[in-house]
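Read through the structure below, which is laid out as structure tokens, and then see the notes.
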Amino acid sequence: MTPRVRIPVELPSAKPLLPADPDSLFGMAVEAVNGACDIVKAPEYVRAILGQPKNELMVNFPVRRDDGSYEIFKGYRIQHNNILGPYKGGIRYHPEVSLDDVKALALWMTMKCALMRLPFGGAKGGVKVNTRDLSSNELMRLTRRFTSALGNHIGPDHDIPAPDVGTNAQIMDWMMDTYINTHTDGAHQGMVHVVTGKSVGCGGSEGREKATGQGICYVLSELLPEVNLKMSKLRFSLLGFGNVGAFTARALSAEGAKLIAAMDHAAALVNPDGLPIEELHQHVIDHGSLAGFKSAGTREVSPEEFYRTPTDVFIPAALERMIDEQKANWLDCRMVAEGGNGPTTPRGAEVLQRRGIVVLPAILCNAGGVTVSYLEWVQNKMGVHWDLQRVDHELHRTIVLAARRVRVAAHRYEVDLSRAAFGVAVEHLTDTYLRRGIFP
Ligand code: NAD
């Protein structure tokens with residue numbers, strides 16, 4: 001018999017006194033969850049619980065600069081939900097990091113882990129900092145001080161950070177080392193799984209660096225037939241050429257697809273015959289951006305021309321809110337595969353829907369990163385190291401099953417793939433709440 005749980009909760013008023021902030025990323029994320037609750041008829045208390053993070057931590061901490069002065073930095077860790085397992089989510093270093101954005105990113109992590117059926121909850125963190133202003137030593141001191149400020153709020157079975165924009169394997173190695181050195185009882189000495197996305201030498205997994213891009217490729221292979229597209233003939237554009245963008249380009253081109261246009265914070269490039277991906281990647285490693293890249297047939301273009309370039313799939317893999325109403329009208333593509341989180345504003349999303357452009361949501365598309373993070377965590381717990389073939393196989397299996405769940409839900413509920421993905425996630429969370437009940 002299905003357990004029945006009735007809990008009186010005070011729900012936010014349906015008619016707020018002040019109009020909602022249309023630019024709030026968290027508001028946008030909550031809207032998507034509310035829509036999913038409607039679709040799957042989730043109980044009101046599940047909607048209310050998912051509408052707020054469980055814990056919000058804000059820390060201010062000093063860091064010694066190389067010239068001997070001190071600067072105060074602000075850091076965040078939002079733990080949105082842990083009904084499915086320990087909190088899990090990346091750490092972002094960026095000057096625009098804000099409480100509202102981190103709350104949204106944490107909520108999306110809850111949805112992503114639920115959709116993937118990973119035994120993790122959702123979290124996100126960040127520090128408001130421009131890493132280009134810091135030396136490597138200053139970055140290390142900032143990371144160690146931030147980790148110590150997080151203290152017991154993180155832990156290998158409690159809350160497990162990972163890399164995000166502005167952070168990488170080196171930062172994760174420093175976080176892990178700081179955690180172990182500030183928890184000096186013997187029980188913590190082997191706890192390298194307090195963070196994932198570490199370097200392989202420090203307990204990281206094979207395939208973690210490319211995981212998000214590889215996952216996007218697996219999702220597209222599974223769902224391109226929905227819009228009658230073939231991978232071997234695919235033409236795609238990339239907004240953002242960092243970790244996600246570059247590895248997506250590599251994975252898709254290995255399957256025969258062509259990168260027609262790419263744009264980052266410094267330049268936009270178009271080549272109708274296909275941009276040379278390895279040379280482009282090397283140029284970004286050497287020079288920090290796409291600016292100044294030259295090759296036969298490649299032209300530098302304006303942002304508007306970049307967005308208007310005809311392509312089959314447009315892949316935003318940069319920051320949030322980049323596709324607004326105007327850019328959604330400029331796009332000339334059949335599908336948007338969200339490589340980055342929250343790339344589309346609510347008004348941009350309305351335009352895409354009206355124009356019949358299919359959107360593959362970030363909680364499905366970019367879930368390769370957290371999936372291989374989970375595999376790293378499992379390997380660390382078991383004290384083993386898997387080869388790349390095994391990691392890729394597990395990633396493929398996990399993400400393809402999730403893509404199929406989304407396709408089935410889209411047909412069952414007669415909604416688009418984006419709404420279906422949130423529906424599948426909320427269904428799984430609801431099922432767990434119904435089984436576990438609410439403490440006490
Ligand atoms: P990154 O820092 O490696 O790359 C970001 C890219 O965005 C860079 O190419 C940068 O030039 C570009 N960019 C920044 N501002 C821009 C602007 N105004 N216009 C055009 N391009 C701009 O970050 P990443 O790790 O590749 O992450 C990108 C997105 O993917 C983020 O939303 C992140 O949360 C999400 N994500 C990352 C991972 C991961 O494993 N790295 C996993 C899941 C989701």
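The values are calculated or read from the model by the stated rules, or taken from the named source; none is laboratory data. Just so it is clear, the model here is predicted, and its values are computed rather than measured. FYI the Cβ positions are ideal-geometry reconstructions off the backbone, even for glycines, and counts take in every protein chain you see. To get the accessible areas, we keep the full protein, side chains included, count just its heavy atoms, and leave off ligands, DNA and RNA. Shrake-Rupley method; radii C 1.70, N 1.55, O 1.52, S 1.80 Å.
General observations
- Difference of contour (0.36 nm per residue) and Cα-Cα distance, H393 to C202: 66.5 nm
- When the chain is treated as a Gaussian network with alpha carbon springs shorter than 10 Å, the biggest mean-square fluctuation among I154, I363, I285 belongs to I285.
- Pairwise centroid distance, computed over Cα atoms, of the stretch 133-211 with the stretch 25-40, Å: 32 Å
- Paramagnetic label zone (point 7 Å from Cα along Cα-to-C-beta, D23; backbone N under 18 Å) in the stretch 338-353: 342-349
- Between N152 and R132, the FRET efficiency from the beta-carbon distance, with R0 = 30 Å, is close to 0.40.
- Placing a pseudo-label 7 Å from each Cα along the Cα-to-Cβ vector at L99 and V384 gives an inter-label distance of 4.5 nm.
- Percent carbon-and-sulfur accessible area, the chain, ignoring ligands, DNA and RNA, probe 1.4 Å: 51 percent
- Area of V359 that stays accessible when all protein chains are in place (1.4 Å probe, Å², to 10): 30 Å²
- Note, ³J(HN,Hα) from phi for the stretch 173-183, Karplus 6.51, -1.76, 1.60, rounded to Hz, x at Gly and Pro: 4, 5, 4, 4, 4, 5, 4, 5, 6, 9, 10
- The spread of Cα positions in the chain, taken along each principal axis and listed from longest to shortest, comes to 61, 60, 48 Å.
- With a simple spin-label model that places each label point 7 Å from the Cα along the Cα-to-Cβ direction, the separation between D67 and R347 comes to 4.2 nm.
- Once C-alpha pairs closer than 8 Å and six or more residues apart are averaged by separation and normalised to the residue number of the chain, the relative contact order reads 16 percent.
- Residue pairs, from the table K88/K258; K210/K381; K103/K230; K210/K230; K112/K210; K124/K230, whose Cα atoms sit over 25 Å apart: K88/K258; K103/K230; K124/K230
- Heavy-atom surface of the chain, accessible at 1.4 Å and reported per residue (Å²): 44 Å²
- Value of D in µm² per second that Stokes-Einstein yields for the stretch 264-391, Kirkwood Rh from Cα pairs, at 37 °C (0.692 mPa s): 195 µm²/s
- For the pair N60 and H281, label points projected 7 Å from Cα toward Cβ lie 4.3 nm apart.
- Alpha carbon convex hull of the stretch 333-440, volume per residue in cubic angstrom: 152 Å³
- The phi torsions of the stretch 299-306, fed into the Karplus equation with coefficients 6.51, -1.76 and 1.60 and a -60° offset, translate into couplings of 10, 8, 10, 6, x, 4, 5, 4 Hz, rounded to whole numbers, with Gly and Pro shown as x.
- Karplus 3J(HN,Hα) series, Hz, for the stretch 362-370 with 6.51 cos²θ - 1.76 cosθ + 1.60 (x for Gly, Pro): 4, 5, 9, 4, 9, 6, x, x, 6
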